[in-house]
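Worksheet: the structure to be examined is printed underneath.
None of the figures in this text is laboratory data; all of them are computed from the coordinates on show. The model shown is predicted, which means the values in this text are computed figures rather than measured ones. Because the Cβ atoms are built from the backbone with ideal geometry, glycine has one as well, and the counts that use them run over all protein chains shown.
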């Protein structure tokens, strides 16, 4: 072991001396990149992978009061925005117990095609895992998205209170899965005249909210609707 360490030390010193003898910073960089680029790329990838893994692990440990996506907006609607702060205060959530996540960095439109769109793939992952509680986007886009079956049928028992309050705002779509229904199913709620538009300016176009089909926090979405229309 000591013999190997000695050889490595000598090699490292020889390389250092060789690099120091190369004239000019640019040529030194060219030499380092030419002979060590695989090591450099590997080190960068390792750092990225470890960072990504730690982030994914810590995120997966968290439970949410509410996880919402605000798609196709460049307005400030993410975590700790005025919208986020006001909703958390209104709902009275204890953030030491669970988190509230507002994701405003998602851009896809099911009407225009989503093949290869990483934002749509992320939406699918969140929806199919039950993480997603609600998504907000343009009204027509949301109605089209509702055809996929990843938005909750608002006729379900879990939405009885929402239906009583906001049933006149329901938006409908015919599911792609004809075995589920061949008729229109309520998949979204029109919020175009809510505080989201009139006060916070998150959308300039008619917009709507849909509830994730596997959401366990429908009551949090109802609180959000109450907050928007209080």
inquiry  = Applying a 10 Å radius around every beta-carbon, put 211-223, 141-153 in order of their mean neighbour count, most first.
reply    = 141-153, 211-223
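Neighbouring Cβ atoms within 10 Å as the yardstick, rank 85, 179 fewest first.
179, 85
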Taking only Cα atoms of segment 169-221, radius of gyration then Dmax in Å = 13.5, 41
key: Label-to-label distance, nm, for residues given as residue 96 and residue 25 (7 Å Cα→Cβ offset)   = 5.0
query = In what order do 204, 156 fall by count of nearby beta-carbon atoms within 10 Å, going from fewest to most?
reply = 204, 156
note = Note on segment 63-229: alpha-carbon gyration tensor, axes a ≥ b ≥ c; rule is a/c under 1.5 for rounded, else prolate if a/b larger than b/c, else oblate; result rounded
message = So if I take the centroid of the Cα atoms in segment 80-113 and the same for segment 170-230, what is the distance between those two points in Å?
response = 14
